[in-house]
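**Q** Dropping a structure here in structure tokens format, bear with me for questions.
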Amino acid sequence: MAEQWLAVIFPALAAELWNLDGTLPGVWIADTRQRVWQMDAGAAKQGIQIGMSAAQARALAPQLQVMQRDAEREFNLLDRCAQLLYAWGPQVVALQEWPHALAVELQGNSRWRARPQALLQAIREFAGERLRIRLGLAPTSLAAALFAWQGKDGELCHGPADRSFTECWQEIPLKLLPANDTLHARWESLGLYSCGDWLRLDRRERALRFGPEWERFLDRLRGIRADPRSPWPLQEEFVVAFPLLQEVSDWQGLRFPLRRAFQELRLRLRHRASTRWELLLQGRDAQYRQLLHSRDPLTSAELFLQLWQERLQRHPWGFAARHLQLRAMDTENWAGEQGAFWEQNLLREQGQLLDRWRARLGVDSIYRVQPRADHRPEYAWHSVVPEESETNTALPDLRPRPLWLLPEPIPVSVLHEPETSELERIEGGWWDGHDVSRDYFRWRRSDGAECWVFRDRRSARYFLHGYFA
Amino acid sequence: MKTAVEELLARHPQRLWRAEAGNPGRQKHLQDPGHSEVRDLLGGWPRGAITEIHSQVEGIGELRLLLPTIAALSQQEKRWILWCLPPYIPYAPALAAAGVRLDRMLIIHPRQRQDQLWTLESALRSGTCSAVLAWPPALEEAAQRRLQLAAETGNSMGFFFYRDVVSQRSPAALRLRLQPAGEHTRVQVEKRRGATAPAAANLELPLAI
């Protein structure tokens, strides 16, 4: 099977990065020769053109912003895109012939074959409204990139289905090749407009006239020469980080970028899922870190946002956040939700409700109680997390116990001494230093309450320990 | 041919009811209380509704009144029995001895009032709880109605315990007032849907089941 590469090109990433929120009328970036090198759609509307001198551009549209390149932001955005592409292919490479171009190898990818639109949609959603992208599909990464340059923004461009690649590639215009202006002018002066025109020249003559590197380039483009490239570094961790388009200080503002971060991570996680998430928000001089645990792996964006909403509205970050980072921790294999029977639905709904309660109220606010084999009443029970499986504790045959136990025994004054037959002696605890020696009995208080009272045999004082409610 | 009123009654058996005794349609919306005396007095606990239990004193049988129902629900249904804001520790050995399945029982302690109302509503509405035993803060009428509707939606039984002298107006389906009466507990029915006259009984509630 022939290889298949998908090229993703950002034609104006350096400029568009500065205007992701669309607040500026337009942005352009100059190269070292003070010519327009990249511009966004706003600048193009004002008549700015690539290659125009900076002075001319300023005179034409003085209201536009001239920006410097921000290499770090450009790399971060390309890295996020590359990590996303790794969900579809084993190899993602940077096409360094162009400033912002990536390619992913899709050969043998059943997910791509089954639903190619899913990948294209994911890339389009990643780019959003403000980043232009071009997509190309071909048996070599260079050809895919050149097809992409031929296409329209946002659309996938590939050779006609009824023609083979060997026929299609020859029609690629030479002006799309990443050569300098002098070489482009020379090709044009010689009447060479397409790769097919190039091929008709003698091979040795081509190498002499234009340099051997272009011979090698065309060979790699055609797929007759190996095109080894270092793979883009694959992140071991599942982290998404990006600057927020505008400062965010409440949940409403955070909801959209958080959803975007989650969806990006979900695509990367593929058959994995996580029950622990870490959110890091950064402001000018403040930082906020919050962890979220869920009972089941979170795969639904709605539930994910619901849990974060409960958590963040209870524990607001209290400053204007400018940067967001979301990390999926302790990822595990996830085979999808199983079954749809009523009981399984109930379990799922209970799990989701428990997650919401925990997110809002805190993990310690919800618990179960279980009996424990101990004679001392305060040690005869313990609290456990709701998920803990039931243990069958053999209950000794005791006298009736009260339904309410007081957290601490309260001293009381008992007016009458109980009969000996009414007493239940409870002693023990020498082994753990909480030794007790008590005589328990029922006592009806004057207000009618049925109390569980004990007489401490050491101090001879009476204590209320529970109610037969 | 049914009259319009009969059709409405048939369509909304819980929200519309006739103020007459022995309405057979109501029986299926009642949970058996487990005590014969309570059954004689009330018929049963209303499902999908709030029951208010008022008493000035704790420890006069307010939980023992419900214990057979709680035990039965925990064994028959996989839904939770939620204890929201209990004033003391629900004592596990006593509950287990009464047959309550503790793995279906949850205890929750929301601190702030807003969280308390939110928790109650989410528990009642979600359909994940067969019963919600709550010791809520004082509720205004709008909140009471909201919780009543949530209980209907989730088909949950809400048992709300109050320590007050005078009962306020409330949309609860059933409101009881408990008072100590010697060795017994006096249960006075202050409000019951479908009842024509107030009722009361002195119940002997056993310490152990």
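**Q** How would you classify segment A:86-169 from its alpha-carbon gyration tensor, with a ≥ b ≥ c the square roots of the eigenvalues: rounded for a/c under 1.5, else prolate if a/b is greater than b/c, otherwise oblate?
**A** In terms of gyration-tensor shape, rounded.
**Q** Taking the Cα centre of chain B as origin, sum charge times position over the Cβ atoms of Lys and Arg (+1) and Asp and Glu (-1), and report the length of that vector in debye to the nearest 20. Mind dumping the intermediate values first?
**A** Values: 26 positive and 20 negative charges, 108 e Å.
So the magnitude is around 520 debye.
**Q** Continuing with the same structure: Give me the Debye-computed log₁₀ of I(q)/I(0) at q = 0.10, 0.17, 0.18, 0.20 Å⁻¹ for segment B:47-167, equal point scatterers on Cα only, no solvent, two decimals.
**A** -0.27, -0.83, -0.93, -1.16
**Q** Here is a follow-up. Return the percentage of antiparallel bridges among DSSP beta bridges fully within the protein assembly as shown, rounded to the nearest 5 %.
**A** 75 percent
**Q** Now for a separate question. Rounded, prolate or oblate, given the Cα gyration tensor of chain B, with a/c below 1.5 counting as rounded?
**A** Verdict is rounded for chain B.
**Q** Assuming 1.306 mPa s and 10 °C, estimate D for the protein assembly as shown with Stokes-Einstein, Rh taken as the Kirkwood radius over Cα pairs, in µm²/s. If you can, show how the numbers build up before the last one.
**A** Values: Rh = 31.3 Å.
Estimated diffusion coefficient is 51 µm²/s.
**Q** Please report, for the Cα atoms of segment A:1-95, the Rg to one decimal and the Dmax as a whole number; what are they, in angstrom?
**A** Calculated on Cα positions, Rg and Dmax stand at 16.0, 54 Å.
**Q** Output wanted: per-residue J couplings in Hz (rounded whole) for segment B:103-114, from phi through Karplus 6.51 cos²θ - 1.76 cosθ + 1.60, θ = phi - 60°, x for Gly and Pro.
**A** Going residue by residue, I get 6, 10, 10, 10, 10, 9, 10, x, 8, 8, 4, 4 Hz, with x marking Gly and Pro.
**Q** Give me A:H434, A:H375, B:H29 sorted ascending by neighbouring Cβ count inside 10 Å, so fewest comes first.
**A** A:H434, A:H375, B:H29
**Q** Follow-up question, since we're still on this one. Hey, can you grab everything whose amide H is under 5 Å from the amide H of A:T140? Only 5+ residues off in sequence or another chain; H modelled, so Pro and N-termini drop out.
**A** Amide H to amide H, under 5 Å and 5 or more residues apart or across chains, A:T140 pairs with A:W5.
**Q** Based on DSSP, what percent of beta bridges with both residues in chain B are antiparallel, to the nearest 5?
**A** Around 40 percent of the beta bridges assigned by DSSP in chain B are antiparallel ones.
**Q** Looking at A:T140, A:L346, A:A41, which one has the Cα that reaches farthest to the positive end of the dipole of the protein assembly as shown (charges on Cβ: Lys, Arg +1; Asp, Glu -1)?
**A** A:A41
**Q** Next question, about the same structure. Among A:G22, A:P257, A:Q282, pick out the residue whose Cα is farthest towards the positive end of the charge dipole of chain A, where Lys and Arg carry +1 and Asp and Glu carry -1 on C-beta, about the Cα centre.
**A** A:G22
**Q** If neighbour count is taken as other Cβ atoms inside 10 Å, put A:T32, B:T69, A:T275 in order from fewest to most.
**A** Ranking A:T32, B:T69, A:T275 by Cβ neighbours within 10 Å, fewest first, gives A:T32, A:T275, B:T69.
**Q** Here's another thing I want to ask about it. 222 nm [θ] for chain A, helices only, -39500 (n - 2.57) per DSSP H run of 4+, per residue, to 500? List each step's numbers first, then the result.
**A** Details: 15 runs with 149 residues, N = 469.
Computed mean residue ellipticity for chain A: -9500 deg cm²/dmol.
**Q** Sequence-distant or interchain residues sharing an amide H contact under 5 Å with B:Y91, placed H: which?
**A** Amide H to amide H, under 5 Å and 5 or more residues apart or across chains, B:Y91 pairs with A:W404, A:L405.
**Q** Please list, in chain and number order, the residues 5+ apart from A:W232 or on another chain whose amide H is under 5 Å from its amide H, with Hs placed from the backbone.
**A** Excluding prolines and chain starts, which carry no amide H, the hits are A:V92, A:V93, A:A94.
**Q** Under unit Cβ charges (Lys, Arg +1; Asp, Glu -1), what dipole magnitude, rounded to 20 debye, does segment A:353-396 have relative to its Cα centre?
**A** For segment A:353-396, the charge dipole is close to 160 debye.
**Q** If you take each beta carbon of peptide A:353-365 and count the beta carbons of other chains within 10 angstrom, what is the mean?
**A** Partner Cβ neighbours, averaged per residue: 4.
**Q** Would you mind ranking B:I70, B:I53, A:I410 so that the residue whose beta carbon has the fewest other beta carbons within 10 Å leads the list?
**A** A:I410, B:I53, B:I70
**Q** Would you mind working out the magnitude of the charge dipole of segment A:73-193 relative to its Cα centre, with +1 at each Lys and Arg C-beta and -1 at each Asp and Glu C-beta, to the nearest 20 Debye? List each step's numbers first, then the result.
**A** Numbers: 13 positive and 13 negative charges, 67 e Å.
The dipole of segment A:73-193 has a size of about 320 debye.
**Q** Name the shape class, rounded, prolate or oblate, that the alpha-carbon gyration tensor gives for segment A:402-467, where a ≥ b ≥ c are the square roots of its eigenvalues, rounded holds for a/c under 1.5, and otherwise prolate holds if a/b is larger than b/c and oblate otherwise.
**A** prolate
**Q** Per-residue HN-Hα couplings for segment A:234-241, Karplus 6.51 cos²θ - 1.76 cosθ + 1.60 at θ = phi - 60°, whole Hz, x for Gly and Pro?
**A** Those phi angles translate into 8, 6, 6, 8, 9, 10, 10, 9 Hz.
Every number in this text was worked out from the coordinates using simple rules, so none of it is lab data. Predicted, not measured: the structure shown is a model, and the values here were computed from it. Counting neighbours? That spans all protein chains shown, and the Cβs are built from the backbone with ideal geometry, glycine included.
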